[in-house]
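Below: the structure, in structure tokens.
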Amino acid sequence: MKTLMSFVLAACVAVPAAAQAPASAPAADALGTWTASFNTQQGVIPATMKLQKSGDKIVGTIGSQDGETTLEAEVKGKTLTVWFNYQAGGGGPVPIEMTGTIDGDTAKGTMTAGGSPAGDWTATRSKDAKDTKEPARDTAAKPAGGNANLAGDWNVSLQLDTITATPSMTVKQDGDKLTGEYVSQQYGKFPLSGSVKGTEMTFTVSMTVEGNAINAVYTGVLQADGTLKGSVDIAGGAMAGTFTATKRK
């Protein structure tokens, strides 16, 4: 591999073929609560998407820092399509269409706003609290200040399109501020910085690869089992994926 950008382009070219599902494939399970991350021209927007069955339809809600709205969805094979209206500031509602592929408890794809390309998205299905016997573990990870305790050493499993990587990181926490060191097996050590609010976190890894300055933005949520799950955006949307991190004891 000569440069990271050639790596990015090769991965992006492979996506359309992987997104196709056989016509005879059974419909994937899309129901549940999803922690989503939208990569837009305005930056990364975290959101929560809830899908449930209503008769023969899939309906639900999607909420972010801008509020919550209703949605409709359908699943054909592994392909998920979601429609909702986004209320833009100072303007009328903008129709949003998300199209992506479900793979177990993860999903990813692209979206349009008013019929025009608007970015990409990733989502991870959250475990329903009523299905776990230890719901208190989620709150046990929070210090007195109300934010999740993310300080420590973490093993990371990173899925970028068809490529898997296993970096590690050491996180230091001061209130809601996160700092530390990120270790890539291929490119070495880099600083990270970010913040945590409740169980939601985001941090940026400032990387230098073959002379190129590249930022990797991680956005995730601390799960009831103590793992971190979420999405990652590299080089301003040049590559996107999902990650799971487990704290070393």
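Here, each number is a calculation from the coordinates, and none is a lab measurement. Quick caveat, the model's predicted, so the values are computed rather than measured. Using ideal geometry, Cβ is built from the backbone for each residue, glycine included, and neighbour counts are taken over all protein chains shown.
Values of log10 I(q)/I(0) for the stretch 134-247 across q = 0.14, 0.22 Å⁻¹ run -0.54, -1.27, by the Debye formula with one identical scatterer at each alpha carbon and no solvent.
Taking the centroid of alpha carbons for each part, the stretch 28-97 and the stretch 143-214 are 27 Å apart. Other residues lying with their Cβ under 10 Å from the Cβ of Trp34 contribute a combined charge of +1, Lys and Arg counting +1, Asp and Glu -1.
Here Ser37, Ser54 are placed in order of increasing Cβ neighbour count within 10 Å, fewest first, which gives Ser54, Ser37.
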